[in-house]
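Below is one structure, written out as structure tokens; comments come after it.
Where a number appears in this text, it was derived from the coordinates with a stated rule and is not lab data. Note that the structure is a prediction, hence the values are computed from the model and not measured. Cβ atoms come from the backbone with ideal geometry, glycine included; neighbour counts cover every protein chain shown.
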Amino acid sequence: MTEESAALYVVPTPLGNLADLTQRAEAVLRRVPWVAAEDTRHSAPLLKHLGSSARTLPAHQHNEHEAAARIVEKLRAGESVALISDAGTPGISDPGARVVAAVRDAGCKVVPLPGACAATTALSAAGLLDEHFLFYGFLPAKGGQRRQVLESLRDTQAALVFYEAPHRVLETVAEMAEVFGKRTLVIARELTKLFETVHSLPLAEALAWLKEDGNRQRGEFVLIVSGAPDKADSGEGERVLKLLLAEGLPTKQAAKLAAAITGSPKNALYDLALAMKG
Ligand code: SAM
């Protein structure tokens, strides 16, 4: 690899299914002389599986500054480096941003590779009709701070995407139901793995659903809450929705028809219909 071509490659790795590593990621991990990994021991089997002879250096949240300096040194010496995290895309609720910033500041090249990310994988199967989404990632672990964050997001007209650990999923979902009220929740668990589940349900019913079967609380989670209804827009949609519900149409069908007739967002009308019924 020549000096001109030396770059920091930001390489997503699989969330659980090895086949999700892209051909390009595989080629880069085989070709580069250095791999900067969040946890070098964790990534060793993947590199071995690929037959990569790259040397590894640690780049985790506690050494990102030093790691960045070492990486810049390698790049200046003409050696390319691939940056990987334990799973998914580096820099997305994972270390990586400081390394990327330092490499950019040093005037070296950063090449991002597209690939596995729990947030986008969950969103793609969520079936929510929100036009926008806001990726929040992990909420604060402490109850008070978590509540504050949730309240600050209450009126956001975009689907809200959270990462959550299994031991906190029950309390987080309970709090989301209190703060957001009548919305849809999509629970995406163990994506790309054996027990993959993507379940969509009214937020108010989610806690009971999770408690019904202990297995539903296990593994890795992405939680997506449908966006806040557009208050300004909902007048006509709400009027038509009321008429259809009064005619005895089922909630889902009434929301769908009212959305088709008025152009109001179907999700918002569905949430509104649930609120009216509740
Ligand atoms: N960088 C990763 C990405 O691109 O998605 C995220 C890393 S973050 C430290 C780990 C969190 O991502 C987990 O706690 C979980 O919320 C989510 N996650 C990772 N893998 C997942 C999977 N297979 N299914 C559902 N969520 C997952």
When the chain is treated as a Gaussian network with springs between alpha carbons less than 10 Å apart, the largest mean-square fluctuation among A268, A254, A122 is found at A254
Scaled by the rule-of-thumb 2.2 N^0.38 Å, the alpha carbon Rg for region 3-112 gives a ratio of 0.95
Quick query: amide H of L134 versus all other amide H atoms, modeled in the peptide plane; which residues come in under 5 Å with a sequence gap of 5 or more or a different chain? A159, L160, V161
Using only C-alpha atoms and all pairs of different ones, pull out the Kirkwood radius for region 159-247 in Å with one decimal. 14.3
Taking the Cα centre of the chain as the origin, how large is its charge dipole in debye, to the nearest 20, when only Lys and Arg (+1) and Asp and Glu (-1) carry charge on their Cβ atoms? 240
On a C-alpha basis, how far is the centre of region 107-131 from the centre of region 209-278 in Å? Whole number, if you could? 26
Report the Cα-based extents of the chain along its three principal axes, largest first, to the nearest Å. 73, 38, 36
Using alpha-carbon coordinates, inclination of helix 143-152 to the longest axis of the chain, degrees: 70
Taking the DSSP beta bridges in the chain as the whole, what percent of them are antiparallel, to the nearest 5? 45
Restricting to region 3-112, what percent of DSSP beta bridges are antiparallel, rounded to 5? 5
So if I average 1/r over every pair of distinct C-alpha atoms in region 80-122 and take the inverse, what Kirkwood radius in Å does that give? 11.3
Once the other residues with Cβ under 14 Å from the Cβ of A246 are scored (Lys, Arg +1; Asp, Glu -1), what is the net sum? +1
Calculate the translational D of region 236-277 in whole µm² s⁻¹ from Stokes-Einstein, where the hydrodynamic radius comes from the Kirkwood formula applied to all Cα pairs, the temperature is 37 °C and the viscosity 0.692 mPa s. 351
Among the trypsin sites (Lys or Arg not before Pro) in region 65-156, which ones are in a DSSP loop with at most 14 other Cβ atoms within 10 Å of the Cβ? Mind listing them? K142, R154
Long-range amide H contacts for G88: which residues qualify at under 5 Å (H placed 1.01 Å from N, peptide plane, sequence gap of 5 or more or a different chain)? T13, L15
